[in-house]
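Asker: Quick one: structure below, then a few questions.
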Amino acid sequence: MLIDTIFFYVFALLTLGGGLLTITRRNAVHSALSLIVSLLGVAGLYLMQQAEFLFAVQIVLYVGGIMVLFLFVIMLVNLDLSAKERQFNGQWMVALVAVAAVGAEISWFLYRGQGAFQLADTAGAPSAAAFAVTTTGNTEILADVLFQEYLLPFEIASILLLVAVVGAVVMAKKRI
Amino acid sequence: MPVNFGATATDLIRFLPEIILTVMGTALMVLDPVLHKRASHAFGHLSIFALLAGIGGAVYAQSNPGTAFGGMLVVDGFATYFRVLVMVVGILTILPSYGFLARQQAETSEYHALLLFSIAGQCMMAAANDLIIVFIGLEISSISSYVLAGYLRDDKRSNEAALKYFLLGSFATAFFLYGVAITYGTVGTVNLTAIRAALSGADAPPVVFITLAAALMFVGLGFKVSAAPFQVWAPDVYQGAPTPVAAFLSAGPKAAAFAVFLRIFLTAFGPIGADWLPLVWMAALLSMTVGNFAALMQTNVKRMLAYSSIAHAGYVLVALTAQSDTGTAAAMFYLAAYAFMNIGAFAVVSHVSGRGERYQNIDDLAGLGRKQPMMAAMLTIFLLSLIGVPLTGGFFGKFYIFKAALESHLVWLAVLGLLNSAVAAYYYLRILVMVYMHEPGEAAGQTEPLTPGFRLALILPALGTLFLGIFPTWVLDCAGKSATLVK
């Protein structure tokens, strides 16, 4: 288990270090590149939790697709101007309070342990047995749920995306 | 493991209206390059055809009612009633859109496609039996509506309308989603029937969480139906949006949101009815009062109709407060009557306001009775129905709602509602006085030729309003039979 622990700390370090760099770099491109490192760290953590599907999605979608979009946007905005501005704004008090609140929340759950998540074990919520490790990979389980039980929401979500795309184009066209 | 892709032929038939509308909406955009140059009216014709086919599909699906996709959808009388209602609203929106879009030189396939998608989303909401479907349907309907509200992009007010609607709408959706998440966390399911079973079972989960979830969903849906205190967006959006779109927003999404409202609160949260009752009670009273008193002070007709629509949302909430089958049936009847009279009133405003929507003030209606007697007569029918004068749909709508309230011993709410209707009579009658007893102004003089489509857009709602006023039993029976199925 030692090797697991080492990997965990490496990935955690990547995640946190990347995150810190993302918010401290002045140059937006550097920030974006640091974010990639952070996201890769998260992907590694997913893999350690045996969530292969999330791992793959994290790499393909976030590290691949969404970051490319980010870089495109950064290319289109005026970088010189924003590099000169102050990096930290006047809302830091609010941010501090929010961070403290979330920190307290997380500490509470860590302190309570697994029991904190047993809100409604009586009312047909997935019991511990449902989370037991099965021989089927979680990608297959996910596919079963997505394409059988939740087939309809999955399909109509595509209509939602279509509507959003058409709407964006209508709003952005030069003339109607 | 046998391969089983969930969807059977029965499932698909029960989903038929949505399939038809989505396919036609996509087809419209594909046909755009072919049709645009030659016949821009074709988009409207095709959309109306799609909606008629959709109504046919909904009625056909009703011949074999039941659940579909593992209980995600349910086709019952209630669902079919609202599906048909929103599709009729769609047709009544497209009819005045022909002339309107031609006047603004803004005929595109996207307008009609978005309208069809929006209606498809509303059909999903009407038939949803699962909070996930409710959410996705709500978003499909809302996002199309945001874009339609800002459709005239060169118009500053249209932009403002779209932006406000979008920001506040997203905010409200987040509230709704938060409620869904808490429901799932507490009960372990998002299926409405299963939630009801879990809540009425012996080991029901803590009522605190589920009431919190109900309250959050109430905020989200309260926004969508423009009930006070979540109504602030409505006047600006209705004023800025293109008039046919404003008519659509005040009838279609509202009816679908109320359908969801009734289904969630009476089916899923029915067992904890006593806990959410005060919430709806207060919102109903507040909506009626705020809507009616604010409408008294308006000079812009579209703005006034927006405030009146807030007040009408309050009346429907009274029906929800009754928590009975009579109340549900009354709400269903009212929403149908309201759709006809409000779309009609907006259609008249759309015609009178002229190119670029210049004439929107109440003063601009002066002397309409002398210059355009037909138009004035139609407006009179719609306004009298909005007041709730006998022989119009509005009268029986209000009558059934207050009857349901009295049957549920909500005497004070009924009394305050009736007093509110009296206040409302003032601002509707003020328009009629302006139409018939004042000298014609500049706006009444400009007579644009009435297209056949627009004639229909006036006559159909007027016939609908009168039909519901003279033969209310037919629709009421229909609603009454379906209302019992909601649970």
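Asker: With modelled with pLDDT of 90 or more and within 23 Å of A:V165 (Cβ to Cβ) as the only criterion, which of B:A181, B:A162 stands out?
Answerer: That would be B:A162, the only listed residue that is modelled with pLDDT of 90 or more and within 23 Å of A:V165 (Cβ to Cβ).
Asker: Just wondering, is there one or more residues in segment B:164-181 that are part of a loop (DSSP other than H, G, I, E, B) and not β-branched (V, I, T)?
Answerer: No - not one qualifying residue is present in segment B:164-181.
Asker: Restricting the search to segment B:63-82, which residues are open to solvent by 10 Å² or more (accessible area, probe 1.4 Å) and either within 30 Å of B:E107 (Cβ to Cβ) or hydroxyl-bearing (S, T, Y) (or both)?
Answerer: B:S63, B:T67, B:T80, B:Y81
Asker: Return the pairs, sorted by first residue and then second, in which the second residue is at pLDDT below 85 and of a type outside the set (D, E), the first residue lies in segment B:1-21 and is within 17 Å of B:V74 (Cβ to Cβ), the beta carbons are less than 9 Å apart, and the residues are 6+ apart or on different chains.
Answerer: Here the result reads B:G6/A:F147; B:G6/A:Q148; B:G6/B:G70; B:D11/B:G70; B:F15/B:A7, each pair linking segment B:1-21 to a residue that is at pLDDT below 85 and of a type outside the set (D, E).
Asker: Tally up the residues in segment B:430-441 that are open to solvent by 80 Å² or more (accessible area, probe 1.4 Å) and either at pLDDT 90 or above or in contact with a Lys or Arg (Cβ under 7 Å, 6 or more places away or on another chain) (or both), please.
Answerer: Within segment B:430-441, residues that are open to solvent by 80 Å² or more (accessible area, probe 1.4 Å) and either at pLDDT 90 or above or in contact with a Lys or Arg (Cβ under 7 Å, 6 or more places away or on another chain) (or both) number 0.
Asker: What residue, of B:G179, B:G220, B:G188, is within 14 Å of chain A (Cβ to nearest Cβ), among the small types (G, A, S) and open to solvent by less than 50 Å² (accessible area, probe 1.4 Å)?
Answerer: B:G188
Asker: Taking the stated definitions as given, is B:V389 farther than 21 Å from B:L305 by Cβ, β-branched (V, I, T) and open to solvent by 10 Å² or more (accessible area, probe 1.4 Å)?
Answerer: No, not satisfied.
Asker: Name the helices (runs of 4 or more DSSP H) wholly inside segment A:33-88 in which the number of residues that are modelled with pLDDT of 85 or more and either in contact with a Ser or Thr (Cβ under 6 Å, 6 or more places away or on another chain) or open to solvent by 70 Å² or more (accessible area, probe 1.4 Å) (or both) is 1 or more. Write out each step before concluding.
Answerer: Numbers: elements: A:52-57, A:67-76, A:79-84.
Helices (runs of 4 or more DSSP H) meeting the threshold: A:52-57, A:67-76.
Asker: Next up: If the Cβ limit is 7 Å and pairs must be 6+ apart or interchain, which residue in segment B:46-62 that is open to solvent by less than 30 Å² (accessible area, probe 1.4 Å) pairs with which residue that is outside any helix (DSSP H, G or I)?
Answerer: Correct list of pairs: B:A61/B:V75.
Asker: Then there's this: Among the residues of segment B:151-163 satisfying the criterion of being under 12 Å from B:Q239 (Cβ atoms) and in a helix (DSSP H, G or I), which is most open to solvent (accessible area, probe 1.4 Å)?
Answerer: B:K156
Conditions (1) within 17 Å of B:Y111 (Cα to Cα); (2) within 13 Å of chain A (Cβ to nearest Cβ); (3) modelled with pLDDT under 95; (4) out of contact with any helix residue (DSSP H, G or I) (no Cβ under 7 Å at 6 or more places or on another chain), marked per residue:
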{"position": "B:V3", "(1), (2), (3), (4)": "no, yes, yes, yes"}
{"position": "B:A7", "(1), (2), (3), (4)": "no, yes, yes, no"}
{"position": "B:F15", "(1), (2), (3), (4)": "no, yes, yes, yes"}
{"position": "B:E18", "(1), (2), (3), (4)": "no, yes, yes, no"}
{"position": "B:M29", "(1), (2), (3), (4)": "yes, yes, yes, no"}
{"position": "B:V34", "(1), (2), (3), (4)": "yes, no, yes, yes"}
{"position": "B:K37", "(1), (2), (3), (4)": "yes, no, yes, yes"}
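Asker: Here is a follow-up. Kindly indicate whether B:A376 is part of a helix (DSSP H, G or I), open to solvent by less than 20 Å² (accessible area, probe 1.4 Å) and within 12 Å of B:V435 (Cα to Cα).
Answerer: The answer is yes for B:A376.
Asker: Which number in (1) over 30 Å from B:L192 (Cβ atoms); (2) at pLDDT 85 or above; (3) surrounded by fewer than 20 Cβ atoms within 10 Å (Cβ to Cβ) marks the one condition that B:T447 misses?
Answerer: If we test B:T447 against (1) over 30 Å from B:L192 (Cβ atoms); (2) at pLDDT 85 or above; (3) surrounded by fewer than 20 Cβ atoms within 10 Å (Cβ to Cβ), just (2) comes out false.
Asker: Right, next: Of everything in segment B:397-429, what is open to solvent by 40 Å² or more (accessible area, probe 1.4 Å) and of a type in the set (A, V, I, L, M, F, W, C)? Give them in sequence order. Full working, then the answer.
Answerer: The first filter runs over segment B:397-429 and keeps only residues open to solvent by 40 Å² or more (accessible area, probe 1.4 Å), leaving B:399, B:403, B:406-407, B:409, B:411-412, B:415-416, B:418-419, B:422, B:426, B:429.
Correct list: B:F399, B:L406, B:V411, B:W412, B:V415, B:L416, B:L418, B:L419, B:A422, B:L429.
Asker: Would you mind telling me which numbered condition in (1) buried (at least 24 other Cβ atoms within 10 Å of the Cβ); (2) more than 7 Å from chain A (Cβ to nearest Cβ) B:M124 fails?
Answerer: Only one criterion in (1) buried (at least 24 other Cβ atoms within 10 Å of the Cβ); (2) more than 7 Å from chain A (Cβ to nearest Cβ) is unmet by B:M124, namely (2).
Asker: Please list, ordered by residue number, the helices (runs of 4 or more DSSP H) wholly in segment B:65-150 having 3 or more residues that are among the aromatic types (F, W, Y).
Answerer: Output list reads B:77-104.
The values are calculated or read from the model by the stated rules, or taken from the named source; none is laboratory data. These numbers were taken from a predicted model, which means no experiment stands behind them. Please note: Cβ atoms are built from the backbone with ideal geometry, for glycine as well, and neighbour counts cover all protein chains shown. Calculation scope for accessible area: heavy atoms of the full protein, side chains included, ligands and nucleic acids excluded. Shrake-Rupley method; radii C 1.70, N 1.55, O 1.52, S 1.80 Å.
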